[in-house]
Structures are given as C-alpha cells and as structure tokens.
Amino acid sequence: MRILIVEDERRSREFLAKGLQEAGYVVDVADDGEEGLQATRENDFDLIVLDVMLPVRDGWHVLEQLRTRGCETPVLFLTARDSVPDRVRGLELGADDYLVKPFAWTEFLARVRTLLRRSPVRTAEIIKIGDLELDLPRMKARRGRQPIDLTAKEFQLLSLLARRRGEVLSRTTICEQVWDMNFSTDSNAVDVAMGRLRRKVDEPFENKLIHTQRGLGYILEDRAQS
Ligand code: CA
C-alpha cells in the first residue's frame, strides 16, 4: 500500500510519514501542490493525504486536477479550520474524507485504514493461495489453521507477492513497492527479508509457496497444484 502525503509543514509531514511507515505503508511526500500533482503522475497511490493550504497550488486545485484527470485515488483532506463551506467544497470536489487539525494520530490512522478498505483499486480483501490465506484489511496471514506471526513489513512483502502471484518479481520491483523507491540498490536487503519471510511462511510447511527464480527474483505460487 502506497500513500502520498502532500503537506508543506515539515514537522507535520515528517510525523505523519514516519507513523505511516511504522504502520507498514510505503510513503511518498510532497511539500507543495505542484510537487504533489507531479508525484501522482509518476506513481500509483492507494491514498493521498492532502493538506488544503499549500504553496504554489492549494489542495483545492490539486483535488480538482486529480478528479478532472479521472484519478479515483481516495483523498483524505486535512484542514486547519472546521468550516461548513470548506467541508462542502471539499466533498463536492471529490474528497473522500476530511480531518480538522489538530487531530489525534489514532484518529488519523483509523481514517486512513477506512479509506484504504474502500479503495476502488483494491481487488480482493482476502487472498488464498494453496493453504495460505491473507486477510489484507486485518493484516493477518495463516496457513491452514496455523496463524503466521509477521511484522508489518513482512506482511507487506508477502501481500505484494500474493497480489501478483505467479509473476516473477525482481528485487528492484520489490524494493520499490515495499520500501522506499531509493531504498537501496543493495539487493541483498531483499534477499535477507525474503529469507526471514520464508522461515515463517514456508519452512514449517511441506508445500513451499515462495520460489527463487535464479537471477530474476521471486515468485509466489502453489506448485503442488500443477
Ligand atoms: Ca499547510
């Protein structure tokens, strides 16, 4: 899950970005409206957190541009004042939710999760591959009846492989989707993370689901079926 934060106040932006990263999301940031729009042209996001008062182009403009372009990504609007005309205008322009500053972190995270659940880009909430079952909204994984205890990052890694099952994912793709774009060119980090994931997801079970495609990357599929 990839989230864009468009917010010009540095401390607030860093606070939200750090919190969302710790919750297991991939986060991009932009500090003005123009940069925000540019980011949406370069990447697909599952959610955009958009401050209303922004330099260069304000949040209203950004939202209008996005919707005019046919971009359906959910938008959580952040505003400094709770006024009815602002709220109405935001909703008319196609904002999906609205949060008035200052807000509690827990409330912010709850709104983010709700919007991501509603996200139109989401195809399935539960993915099943062999006896592996991933509950995306609850971030839970199990094999058969056995729950698998994963960190937020491990869950993200597994859900990326699961959403694109049967497809070889390169280390670069995995890096981009699960960590930051410019995380590292050191593909060893992906191998280490994948090793940890396999110890939890595959090692205790007879039917291995995660496979290495030498020189290319990783693939998740149920080969016992074919
Ligand atoms: Ca602002």
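Each reported figure results from applying straightforward, stated rules to the coordinates on display, with no laboratory input. Note that the structure is a prediction, hence the values are computed from the model and not measured. FYI the Cβ positions are ideal-geometry reconstructions off the backbone, even for glycines, and counts take in every protein chain you see.
Tabulated data for the structure shown
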item: Relative contact order %, the chain, counting alpha carbon pairs below 8 Å whose residues are six or more apart; result: 14 percent
item: C-alpha center-to-center spacing [region 1-48, region 190-224] in angstrom; result: 31 Å
item: Label-point gap, in nm, between residue 172 and residue 223 - each point 7 angstrom along Cα→Cβ; result: 2.6 nm
item: The chain: calculated mean residue ellipticity at 222 nm from DSSP helix runs of at least 4, using -39500 (n - 2.57); result: -12500 deg cm²/dmol
item: Percentage, to the nearest whole number, of Cα pairs in region 126-225 over 19 Å apart; result: 36 percent
item: Region 142-181: GluC sites (Glu not before Pro) in DSSP coil with no more than 13 other Cβ atoms inside 10 Å; result: 167
item: Low-density loop cleavage sites - trypsin sites (Lys or Arg not before Pro) in region 1-87, where at most 16 other Cβ are within 10 Å (DSSP); result: 69, 81
item: Extension gain from residue 192 to residue 44, taking 0.36 nm per residue of separation minus the Cα-Cα distance; result: 50.6 nm
item: Inter-label distance, nm, simple model (7 Å from Cα along the C-beta direction), residue 126/residue 152; result: 2.5 nm
item: Pairwise label distance in nanometres, residue 213 with residue 200, each label 7 Å out on the Cα-Cβ vector; result: 2.5 nm
